[in-house]
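Everything on this sheet refers to the single structure shown next.
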Amino acid sequence: MSERNNTPVQEEVQTGESLSELLQIRRNKLNELMESGQNPYEITRFDVDAHAKEIVDGFDNGFEGRHVSIAGRIMSWRDMGKANFIDLQDGSGRIQIYVKINEIGEEAFRQFGKWDLGDIIGVEGEVFRTRRGEISVKAEKLTLLSKSLRPLPEKWHGLKDTDARYRQRYLDLMVNPDVKKTFITRSKFIKFMRSYLDDMGYIEVETPVLNTIAGGAAARPFITHHNTLDIDMYMRIATELPLKRLIVGGMERVYEIGRIFRNEGMDPKHNPEFTTVELYQAYTDFHGMMDIAEGILSGAAKEILGTYEIQWQGETIDLTPGWRRLTMVEAVREYVGIDFDAITDDAEAVAAAKAVGVELAETADKTWGNALYACFDQKVEEKLIQPTFITMYPVEVSPLTKRSPKDPRLTERFELFVCHSELANAYSELNDPIDQRQRFEKQVELRDRGDDETEMLDEDFLMALEYAMPPTGGMGMGIDRAVMMLTNSDTIREVILFPTMKPLGSGDRREEKAAAAAPAAVPMKEAVTEPVDFSKVEIEPLFQDMIDYETFAKSDYRVVKVKACEAVPKSKKLLKFVLDDGSGEDRVILSGIHEYYEPEELVGKTLIAITNLLPRKMMGIDSCGMLISAVHSEDGKEGLNLLMVDDRIPAGAKLY
């Protein structure tokens, strides 16, 4: 018995056949088919009356001995001379096809022998069970429906290169069956959510993707241009403001499932375009939204997975209804040990935060509310594993939320956390147009200070509020993260069919600069860089204070490999590196270079770090060392090049 296999292209090249030769062989086969009047691309229809899974599942209930018409892709092939076995994969699964010369005829069998793995075929024949017990279809007639001009990825190991999987999702779906299951679960979740909200009397609506103001969230928008109107427009960063206009207009329960676009960094939890559901209900508050969030997620788990207990990020999560609810003050008291209820002074609150290693954002006012939020963000969020609603957020970080009648420093808002990930955000919506204007104006002040992720002032929305909006509860839920949880996926790219990827072969000036900055003693790939006018370059003066050799020798400079890199939440500058330093244990270093590099482009790079610095808290994370960069000024602007060296240098190599 001979077996055709999906030898990886790389191995085929090593055995003497180049990829171009393999492609040419398949092209030649296609040409032969066309010349003989058997062009598969001319076939417009093939009637299918059965699928692989229903045949296998229903064999004992009517499919045995039944004549079927089935179609799919050839995924494996075992040649036994005058009889062949192929595995056919359709949208439901795989089934074995038995092809025998006596059944289909000599000429058809000869033509069949010229087909390839990956070809799409139609099969007509009888369902039976082989002597080895495998349910199969005995082919009586075969039709080539489409010719695969490229070899499939490796047969037994599938497509494992994650970058290739995301870029070529069609191949990923073809050879990795579990991937399709993920997206079937996604579809079922959205269907369940729609049904849940529809049954509650909600109306699904659609609002504009293009807007003249980017509002409803604190995020950096994508900007495009409308040629006819000759105006710049923003792709929406949220659907909140138009949906609340509908509440003003009398549509008392509305929701929208839609794509959102934010011009921000990418990491395992963030993609520049993602899907959310936002819903608004008149005459309820954020407690009503909590009930809906819990009902949707726990109900979906039970209906789709059949259980409330799931695995995610190495943790066992219990989604049984009755989730924990904590105010932010209570959470910080429990996990950090600071009782903000006992603090009334801004300076005292900021000092208490600093005492536990919490630093406020540069643009944030030094207030009680910002100190409370920073403590939660940097110290508590990472500890929330089981489903937990965190309520009563400071007004400083909730510009669209109604103040608490009991404490005007706080707002009636919650965020839902599962396994240190935010899954939903909800408010008792602010409907006071005067208060709303003041908060918008505060956001404008922050934007003027350089924070380009703050809210823009929307005069039309303020006008809508002046016509009176009823007390309203509103919520936004990230569909991608919810699907990550339900499918035990560790990155958002696993649950988005076509995630944003950097184009192959695209130039990157930052990479070119980094390559140019590498030590001259290590040969690097030649980089095409723009000419540098060194007359405009300024460097810091050399230090005049001298140190002895023994002091210098105490600094441990090592080569490190970047295993993972992601943006630090709530920080515009910091990147978090997980590094291989040769010790066998991961090293975490934070570096404020996000202005110069995106995290995904640094994964796999070989860098230089000082590894024996004392750990330093940055945004609540211990940074154990320092990465080495070259810094200069050019035309008054700071330039930075992260020092990168040849990948052949092993992790842990010491620099002298």
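Regarding the range 331-349, can at least one residue be identified that is hydroxyl-bearing (Ser, Thr, Tyr), crowded, with 17+ Cβ neighbours inside 10 Å and more than 30 Å from Asp448 (Cβ to Cβ)?
Within the range 331-349, one or more residues are hydroxyl-bearing (Ser, Thr, Tyr), crowded, with 17+ Cβ neighbours inside 10 Å and more than 30 Å from Asp448 (Cβ to Cβ).
Ile292 is checked against (1) within 25 Å of Val568 (Cα to Cα); (2) surrounded by 20 or more Cβ atoms within 10 Å (Cβ to Cβ) and fails just one. What number does that condition carry?
So the condition that Ile292 fails would be (1).
Give the residues of the range 127-155 that are under 25 Å from Leu173 (Cα atoms) and part of a strand (DSSP E or B), sorted by residue number.
Passing the criteria: Ile135, Ser136, Val137, Leu142, Thr143, Leu144, Leu145, Ser146.
If you check Asp119 against the conditions, is it within 20 Å of Leu23 (Cβ to Cβ), touching a residue at least 40 places away in the same chain (Cβ under 8 Å) and not aliphatic (A, V, I, L, M)?
yes
Considering the range 622-656 alone, what residues qualify as being modelled with pLDDT of 85 or more, open to solvent by 30 Å² or more (accessible area, probe 1.4 Å) and under 30 Å from Tyr373 (Cβ atoms)?
Those that are modelled with pLDDT of 85 or more, open to solvent by 30 Å² or more (accessible area, probe 1.4 Å) and under 30 Å from Tyr373 (Cβ atoms): Asp622, Cys624, Met626.
How many residues does the range 339-365 contain that are part of a loop (DSSP other than H, G, I, E, B), in contact (Cβ under 8 Å) with a residue 12 or more places away in the chain and under 33 Å from the mean Cα position of the chain (by Cα)?
Of the residues in that region, 9 qualify.
Within the range 466-480, is even one residue over 20 Å from Met251 (Cβ atoms), outside any helix (DSSP H, G or I) and either at pLDDT below 95 or basic (Lys, Arg) (or both)?
no
So which of Pro519, Pro541, Pro523, Pro531 ends up being in a loop (DSSP other than H, G, I, E, B), modelled with pLDDT of 75 or more and not basic (Lys, Arg)?
After ruling out the rest, the residue left standing is Pro541.
When you go through (1) under 30 Å from Val356 (Cα atoms); (2) among the polar types (S, T, N, Q); (3) modelled with pLDDT under 90; (4) open to solvent by 40 Å² or more (accessible area, probe 1.4 Å) one by one for Asn612, which number turns out not to apply?
Evaluating Asn612 over (1) under 30 Å from Val356 (Cα atoms); (2) among the polar types (S, T, N, Q); (3) modelled with pLDDT under 90; (4) open to solvent by 40 Å² or more (accessible area, probe 1.4 Å) leaves (3) as the failure.
Residue check: is Lys100 open to solvent by 20 Å² or more (accessible area, probe 1.4 Å) and either more than 18 Å from Val137 (Cα to Cα) or at pLDDT below 95 (or both)?
no
So which residues in the range 251-263 are open to solvent by 60 Å² or more (accessible area, probe 1.4 Å) and under 16 Å from the mean Cα position of the chain (by Cα), if there are any at all? Before the answer, list the steps.
Narrowing the range 251-263 to residues open to solvent by 60 Å² or more (accessible area, probe 1.4 Å): 251-253, 259, 262-263.
Within the range 251-263, Arg259, Arg262, Asn263 qualify.
Name the single residue that is nearest to Val418 (Cα to Cα) among those in the range 286-314 being modelled with pLDDT of 95 or more and not in a helix (DSSP H, G or I).
Ranking the qualifying residues of the range 286-314, first place goes to Trp312.
Of the residues Glu64, Glu124, which single one is open to solvent by 40 Å² or more (accessible area, probe 1.4 Å) and either part of a strand (DSSP E or B) or in contact with a Pro (Cβ under 8 Å, 6 or more places away or on another chain) (or both)?
Working: Glu64 fails: either part of a strand (DSSP E or B) or in contact with a Pro (Cβ under 8 Å, 6 or more places away or on another chain) (or both).
The match here is Glu124.
Among the numbered criteria (1) under 25 Å from Pro471 (Cα atoms); (2) of a type in the set (Val, Ile, Thr); (3) loosely packed, with under 15 Cβ neighbours inside 10 Å, which single criterion is violated by Ile247?
Going through the list (1) under 25 Å from Pro471 (Cα atoms); (2) of a type in the set (Val, Ile, Thr); (3) loosely packed, with under 15 Cβ neighbours inside 10 Å, Ile247 breaks only (3).
Could you count how many residues in the range 127-148 are open to solvent by 40 Å² or more (accessible area, probe 1.4 Å) and under 17 Å from Ile101 (Cβ atoms)?
Of the residues in that region, 3 qualify.
Can you find a residue that is open to solvent by less than 70 Å² (accessible area, probe 1.4 Å) and either at pLDDT 95 or above or of a type in the set (Val, Ile, Thr) (or both) anywhere in the range 11-20?
no
Take the range 580-606 and flag every residue that is touching a strand residue (DSSP E or B) at 6+ places or on another chain (Cβ under 8 Å) and more than 19 Å from Gly265 (Cβ to Cβ).
Asp580, Asp581, Gly582, Asp586, Arg587, Thr606
May I ask you to list the residues in the range 267-285 that are open to solvent by 30 Å² or more (accessible area, probe 1.4 Å) and either β-branched (Val, Ile, Thr) or under 21 Å from His420 (Cβ atoms) (or both)?
Of everything in the range 267-285, those that are open to solvent by 30 Å² or more (accessible area, probe 1.4 Å) and either β-branched (Val, Ile, Thr) or under 21 Å from His420 (Cβ atoms) (or both) turn out to be Pro268, Lys269, His270, Phe274, Thr284.
Would you check if Gly201 is in contact with a helix residue (DSSP H, G or I) (Cβ under 9 Å, 6 or more places away or on another chain) and small (Gly, Ala, Ser)?
When the stated conditions are applied, Gly201 does not pass them.
If I filter the range 431-438 for residues that are open to solvent by 20 Å² or more (accessible area, probe 1.4 Å) and under 33 Å from the mean Cα position of the chain (by Cα), do I get at least one hit?
No, there is no match, as no residue in the range 431-438 is open to solvent by 20 Å² or more (accessible area, probe 1.4 Å) and under 33 Å from the mean Cα position of the chain (by Cα).
Which fully enclosed strands (runs of 3 or more DSSP E) of the range 179-270 have 3 or more residues being hydroxyl-bearing (Ser, Thr, Tyr), at pLDDT 95 or above and closer than 27 Å to Ile310 by Cβ? Reasoning before the result, please.
Details: elements: 223-226, 231-235, 253-261.
Answer list for the range 179-270: none.
Return yes or no: is Pro177 buried (at least 17 other Cβ atoms within 10 Å of the Cβ) and out of contact with any Leu (no Cβ under 7 Å at 6 or more places or on another chain)?
Answer is no for this residue.
Restricting to the range 376-390, name every residue that is crowded, with 21+ Cβ neighbours inside 10 Å and in contact with a His (Cβ under 9 Å, 6 or more places away or on another chain).
Residue satisfying the conditions is Leu384 alone.
List every residue pair whose Cβ atoms lie under 6 Å apart, where the two residues are 6 or more positions apart in sequence or sit on different chains, the first residue falls within the range 194-213 and is under 18 Å from Thr276 (Cα atoms), and the second residue, located anywhere, is open to solvent by 60 Å² or more (accessible area, probe 1.4 Å).
Tyr202/Arg253
Look through Lys114, Lys160 and report the one residue that is modelled with pLDDT under 95, closer than 28 Å to Asp47 by Cβ and in a loop (DSSP other than H, G, I, E, B).
Lys114
Kindly indicate whether Asp90 is within 19 Å of Ala52 (Cβ to Cβ) and either modelled with pLDDT of 95 or more or open to solvent by 20 Å² or more (accessible area, probe 1.4 Å) (or both).
yes
Can Ala426 be described as touching a helix residue (DSSP H, G or I) at 6+ places or on another chain (Cβ under 7 Å), part of a helix (DSSP H, G or I) and open to solvent by less than 30 Å² (accessible area, probe 1.4 Å)?
No, not satisfied.
Run down Val277, Val336, Val329 and say which single residue is in contact with a Lys or Arg (Cβ under 7 Å, 6 or more places away or on another chain) and either under 18 Å from Phe192 (Cβ atoms) or in contact (Cβ under 8 Å) with a residue 40 or more places away in the chain (or both).
Numbers: Val277 fails: in contact with a Lys or Arg (Cβ under 7 Å, 6 or more places away or on another chain); Val329 fails: in contact with a Lys or Arg (Cβ under 7 Å, 6 or more places away or on another chain).
Val336 is the lone residue from the list that is in contact with a Lys or Arg (Cβ under 7 Å, 6 or more places away or on another chain) and either under 18 Å from Phe192 (Cβ atoms) or in contact (Cβ under 8 Å) with a residue 40 or more places away in the chain (or both).
Could you list, in sequence order, the residues of the range 565-597 that are part of a strand (DSSP E or B), open to solvent by 30 Å² or more (accessible area, probe 1.4 Å) and at pLDDT below 90?
Within the range 565-597, just Glu566 meets the criteria.
The values are calculated or read from the model by the stated rules, or taken from the named source; none is laboratory data. Note that the coordinates shown come from a computational prediction; the quantities given were computed from them, not determined experimentally. Cβ atoms come from the backbone with ideal geometry, glycine included; neighbour counts cover every protein chain shown. These accessible areas exclude ligands, DNA and RNA; they are computed on the full protein's heavy atoms, side chains included. Shrake-Rupley method; radii C 1.70, N 1.55, O 1.52, S 1.80 Å.
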